[in-house]
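Step one of this worksheet: look at the structure below.
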Amino acid sequence: MSELNVMSLKIRVGKRFVIVIPKEVRGKLNIKEGDELDLLVINDSIIIRKPMSLIEFIDRIKPKGKC
């Protein structure tokens, strides 16, 4: 089972309702300018997530150890 890694930060909504993703989050998730992100609205919450590529998915599910 994977470990839950939580980071909680406050951000401000700017002019034209723009939000800036903090540098530490961009670095941790390897988000680059022009990347597409998923935005989910669940009840009164907003979740922004980086979609997982097929290669990342395969790397995540393949058994550890001998290959």
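Taken together, the values in this text are just the output of simple stated rules run on the coordinates, not laboratory data. Bear in mind that the values here come from a model prediction, so they are computed numbers and not experimental data. Because the Cβ atoms are built from the backbone with ideal geometry, glycine has one as well, and the counts that use them run over all protein chains shown.
Here are some notes:
- Of the GluC sites (Glu not before Pro) found in region 24-67, those in coil by DSSP whose Cβ has at most 11 other Cβ atoms within 10 Å are GLU33, GLU36.
- As a calculated quantity, the FRET efficiency between LYS10 and GLU33 at R0 = 25 Å, using C-beta atoms, amounts to about 0.65.
- Dipole check for the chain: with +1 at the C-beta of Lys and Arg, -1 at the C-beta of Asp and Glu, and the Cα centre as origin, the magnitude is about 220 Debye.
- For the chain, alpha-carbon Rg relative to the globular expectation (2.2 N^0.38 Å, N residues): 1.40
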